[in-house]
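Chemist: Pasting a structure below so you can have a look.
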Amino acid sequence: MIEIHELTKRYGPTTAVSDLTFTVRPGTVTGFLGPNGAGKSTTMRMILGLDEPTSGSVTVNGRPPRAHAAPLHEVGGMLDPRAVHPSRSAYHHLLALAQTTGLRRSRVEEVIDAAGLHDVAGRPAGTFSLGMAQRLGIAAALLGDPATVVLDEPVNGLDVEGIRWMRGLLGELAAQGKTVFVSSHLMSEIAQTATHLIVIGKGRLIADTSVAEFIASAAPASVRVRSSDQAALAVMLRSPDVTVTAAAGDGALLVSGLPAERIGAIAAEAGIAVAELSTLETSLEDAFVDLTRDAVEYRAVTAKEEK
Amino acid sequence: MSTLRVTQARVTRSEWTKLRTQPGALWSLLSAVILIVAFGILYSLLRAARPPHGAAVASFDPVSVSLAGVQLAQIAAGVLGVLLITSEYASGLIRTTLAAVPRRLPTLWGKAAVLAASVVAVSGPAAFAVFLAGQSILGRQHLSVSLGDPGVVRAVIGSALYLAVAGLLGLALGTLLRSTAGGISALFGLLFAIPIVVGFLPGGLADEIGKYLPGAAGLAVTSVHPDPATSLAPWTGFGVFCAYAAVLLGLAAVRMRRGDA
């Protein structure tokens, strides 16, 4: 369980995280979503006791992260899979970590096998591919059999097989009753892995919801219509709950707020011939971009916006 | 199996595992040994080939000659100290380390302990070996002393202790600056640049201040008969050197304990 209460973090004049409050519960995979620079990594560093909050509080399993007697057994984290000494072997990297807390050597071998690193454990960690480095990072995070697991972009850089492995593993950890908190900047990745969702942008909380609800609310389908009398149809469809806009190019109408069947029925009643009627699914990525549009730190400025 | 918790002993053991599996650290220790032995033998050969005459015989210090490599080896020991901490900041490994040890200071003390112990363990035998080799070279010119002479064992053991504390200075500076280049530069500044600057002060003042500078103060313990005009008494000097290291390690501890990792 991770409880975050009115958490704020400033670095000099920059506010990385602002007044964040949410709870990450055990037994499910919770996705932590936000554009690059939204404050995800900063929040995770505070959860791991690495950065001090400017104000507000973080507790992990009921206590401040730096108050645990055996932190590896409480919260396992992976922030940066490349954060290893390049010429130390994967085995010795994990062994040194295990020794701080009195974990057995056999536990080191267990996580090496669980992460699929058995054949490369003796190699210098600096020679690992990104996918292997991710697996080593996961092995380190699971070393102390922690109740809470915090992973920053764990799927980043994995191949298809690695992604499948990671999803299976995260689901398994949640099924064991662990708290699993996983960040990503890609909605599609999270949608297939997590069941709960925390969305932040510019360091502020945007949504704290289930993935299913988020998809339903953030992705209103719009309908594309071409008919014999576009102007008349537009007037008939428009209402406070329905927006009608003209699509660029061929003059089709884009209607949101009404299902396609309803639009077809209205046109038929008015005797307008419909040439095209199709529902456009808003992709998850679009929904996410819409939601965080105002909260994106860095965005390409288009020529129009520059004027 | 005992309960899972972080203890100083366990963190120290972890730091030992890290040191022995970090090739850069092992190279630093090896180069310290090579510098102590090779330079000591070379300098002994040189002085044996050109023995002192007349008044110079009285001030000739065969122990210092055979231990001349210690002054070079302090670079290796100091760089090792810097690297033990800055390599973790450079790679980001420090975050994994400190997430496991959130009280943080056990990590610093663990590094200090394995650093001091490993430097003494390799440079002590090296100093004894080069002392014996150097004396046998100088003995051909009847310039040698033996281990039984007053102050000799102290100077040889003192050389290993001096190198250990030089390593701790490096560790402290590396922790304060969190940068390999910065840490090594600061170490060179402290041990070599400041004495040069002080050397420009008018005569008596340069000697008076100079003997309290870290390098000169610490090296007093490696000399059998330190000159009272330019050097503190052996253990007094070493105490001053340790005080520098203690103050810098204290500042390093404050820096590490507070704020962001």
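Chemist: Just to verify a result, which residue in the stretch A:192-217, among those that are touching a strand residue (DSSP E or B) at 6+ places or on another chain (Cβ under 8 Å), outside any strand (DSSP E or B) and within 30 Å of residue A:244 (Cα to Cα), is modelled with the highest pLDDT? I'd like the intermediate steps shown before the answer.
Modeler: The first filter runs over the stretch A:192-217 and keeps only residues touching a strand residue (DSSP E or B) at 6+ places or on another chain (Cβ under 8 Å), leaving A:193-200, A:202-211, A:214, A:217.
Filter once more, keeping what is outside any strand (DSSP E or B): A:193-195, A:202-203, A:211, A:214, A:217.
Remaining after also requiring within 30 Å of residue A:244 (Cα to Cα): A:211, A:214, A:217.
On the way: A:211: 85, A:214: 79, A:217: 69.
Of everything passing the filter in the stretch A:192-217, A:211 is modelled with the highest pLDDT.
Chemist: Looking at residue B:50, is it out of contact with any strand residue (DSSP E or B) (no Cβ under 8 Å at 6 or more places or on another chain), within 14 Å of chain A (Cβ to nearest Cβ), without any contact (Cβ under 8 Å) to a residue 24 or more places away in the chain and not hydroxyl-bearing (Ser, Thr, Tyr)?
Modeler: Working: out of contact with any strand residue (DSSP E or B) (no Cβ under 8 Å at 6 or more places or on another chain): yes; within 14 Å of chain A (Cβ to nearest Cβ): no; without any contact (Cβ under 8 Å) to a residue 24 or more places away in the chain: yes; not hydroxyl-bearing (Ser, Thr, Tyr): yes.
The answer is no for residue B:50.
Chemist: Being over 18 Å from residue B:18 (Cβ atoms) and within 17 Å of the chain's Cα centre (by Cα) is true for just one of B:82, B:63, B:114, B:120. Which residue is that? Full working, then the answer.
Modeler: Details: B:82 fails: over 18 Å from residue B:18 (Cβ atoms); B:63 fails: within 17 Å of the chain's Cα centre (by Cα); B:114 fails: over 18 Å from residue B:18 (Cβ atoms).
Within the list B:82, B:63, B:114, B:120, the selection yields B:120.
Chemist: Being in contact with a Ser or Thr (Cβ under 8 Å, 6 or more places away or on another chain) and part of a loop (DSSP other than H, G, I, E, B) is the filter here; which residues of the stretch A:136-153 pass it? Lay out the reasoning, then the answer.
Modeler: Taking the stretch A:136-153 first, the residues in contact with a Ser or Thr (Cβ under 8 Å, 6 or more places away or on another chain) are A:140, A:144, A:147-149, A:151-153.
If the condition is that a residue be in contact with a Ser or Thr (Cβ under 8 Å, 6 or more places away or on another chain) and part of a loop (DSSP other than H, G, I, E, B), then A:144, A:147, A:152, A:153 are the ones that fit.
Chemist: Residues A:142, A:94: which one is of a type in the set (A, V, I, L, M) and either out of contact with any strand residue (DSSP E or B) (no Cβ under 6 Å at 6 or more places or on another chain) or within 9 Å of chain B (Cβ to nearest Cβ) (or both)? So that I can check it myself, show each step before the final result.
Modeler: Details: A:142 fails: either out of contact with any strand residue (DSSP E or B) (no Cβ under 6 Å at 6 or more places or on another chain) or within 9 Å of chain B (Cβ to nearest Cβ) (or both).
Within the list A:142, A:94, the selection yields A:94.
Chemist: Would you point out the residue of the stretch B:1-45, among those that are among the hydroxyl-bearing types (Ser, Thr, Tyr) and either more than 10 Å from chain A (Cβ to nearest Cβ) or in contact (Cβ under 8 Å) with a residue 40 or more places away in the chain (or both), that is surrounded by the fewest Cβ atoms within 10 Å (Cβ to Cβ)?
Modeler: To start, the set of residues in the stretch B:1-45 that are among the hydroxyl-bearing types (Ser, Thr, Tyr) comprises B:2-3, B:7, B:12, B:14, B:17, B:21, B:28, B:31, B:43-44.
Among the residues that remain, those that are also either more than 10 Å from chain A (Cβ to nearest Cβ) or in contact (Cβ under 8 Å) with a residue 40 or more places away in the chain (or both) are: B:7, B:12, B:14, B:28, B:31, B:43-44.
Working: B:7: 14, B:12: 21, B:14: 26, B:28: 27, B:31: 18, B:43: 19, B:44: 27.
Among residues in the stretch B:1-45 that are among the hydroxyl-bearing types (Ser, Thr, Tyr) and either more than 10 Å from chain A (Cβ to nearest Cβ) or in contact (Cβ under 8 Å) with a residue 40 or more places away in the chain (or both), the one surrounded by the fewest Cβ atoms within 10 Å (Cβ to Cβ) is B:7.
Chemist: Which numbered condition trips up residue A:102, out of (1) facing chain B (nearest Cβ under 10 Å); (2) touching a residue at least 40 places away in the same chain (Cβ under 8 Å)?
Modeler: It is condition (2) that residue A:102 fails.
Chemist: A follow-up question, please. Could you tell me whether residue A:134 is surrounded by 22 or more Cβ atoms within 10 Å (Cβ to Cβ), out of contact with any Asp or Glu (no Cβ under 6 Å at 6 or more places or on another chain), under 18 Å from residue B:93 (Cβ atoms) and modelled with pLDDT under 95? Walk me through how you get there before you give the answer.
Modeler: Values: surrounded by 22 or more Cβ atoms within 10 Å (Cβ to Cβ): yes; out of contact with any Asp or Glu (no Cβ under 6 Å at 6 or more places or on another chain): yes; under 18 Å from residue B:93 (Cβ atoms): yes; modelled with pLDDT under 95: yes.
Here the answer is yes, as residue A:134 does meet what is asked.
Chemist: Ok, one more. In this structure, is residue B:230 modelled with pLDDT under 90 and of a type in the set (Val, Ile, Thr)? Even if it seems obvious, please write down each step before you answer.
Modeler: Numbers: modelled with pLDDT under 90: yes; of a type in the set (Val, Ile, Thr): yes.
So residue B:230 fits the description; yes.
Chemist: If we only count helices (runs of 4 or more DSSP H) wholly inside the stretch B:179-261, which ones have 2 or more residues that are under 19 Å from residue B:72 (Cα atoms)? Talk me through it step by step, then tell me what you get.
Modeler: Values: elements: B:180-188, B:194-199, B:203-210, B:214-219, B:234-257.
Answer list for the stretch B:179-261: B:180-188, B:194-199, B:214-219, B:234-257.
Chemist: Mind checking which residues of the stretch A:48-67 are facing another protein chain (nearest Cβ under 7 Å) and touching a Pro at 6+ places or on another chain (Cβ under 7 Å)?
Modeler: First, the residues of the stretch A:48-67 that are facing another protein chain (nearest Cβ under 7 Å): A:48-52, A:65-66.
Those that are facing another protein chain (nearest Cβ under 7 Å) and touching a Pro at 6+ places or on another chain (Cβ under 7 Å): A:48, A:49, A:65, A:66.
Chemist: Then there's this: Give the residue that is surrounded by the fewest Cβ atoms within 10 Å (Cβ to Cβ), with candidates limited to residues of the stretch A:241-268 that are assigned to a helix (DSSP H, G or I) and in contact (Cβ under 8 Å) with a residue 24 or more places away in the chain.
Modeler: Here is the first cut: in the stretch A:241-268, the residues assigned to a helix (DSSP H, G or I) are A:260-268.
Okay, now just the ones that are also in contact (Cβ under 8 Å) with a residue 24 or more places away in the chain, so A:260, A:263, A:266-267.
Details: A:260: 18, A:263: 24, A:266: 15, A:267: 21.
Across the stretch A:241-268, the extreme among qualifying residues is A:266.
Chemist: Quick check on this structure: which one of B:174, B:148, B:139 is crowded, with 17+ Cβ neighbours inside 10 Å and of a type outside the set (A, V, I, L, M, F, W, C)?
Modeler: Details: B:148 fails: crowded, with 17+ Cβ neighbours inside 10 Å; B:139 fails: crowded, with 17+ Cβ neighbours inside 10 Å.
So the residue among B:174, B:148, B:139 that is crowded, with 17+ Cβ neighbours inside 10 Å and of a type outside the set (A, V, I, L, M, F, W, C) is B:174.
Chemist: Okay, moving on. Would you tally the residues in the stretch A:169-191 being surrounded by 15 or more Cβ atoms within 10 Å (Cβ to Cβ) and of a type in the set (Asp, Glu)?
Modeler: The number of residues fulfilling the criteria is 1.
Chemist: Scan the stretch A:68-91 residue by residue and report those that are more than 7 Å from chain B (Cβ to nearest Cβ) and touching a His at 6+ places or on another chain (Cβ under 7 Å).
Modeler: Of everything in the stretch A:68-91, just one residue is more than 7 Å from chain B (Cβ to nearest Cβ) and touching a His at 6+ places or on another chain (Cβ under 7 Å), namely A:74.
The values are calculated or read from the model by the stated rules, or taken from the named source; none is laboratory data. The model shown is predicted, which means the values in this text are computed figures rather than measured ones. All Cβ positions, glycine included, derive from the backbone under ideal geometry; neighbour counts span all protein chains shown.
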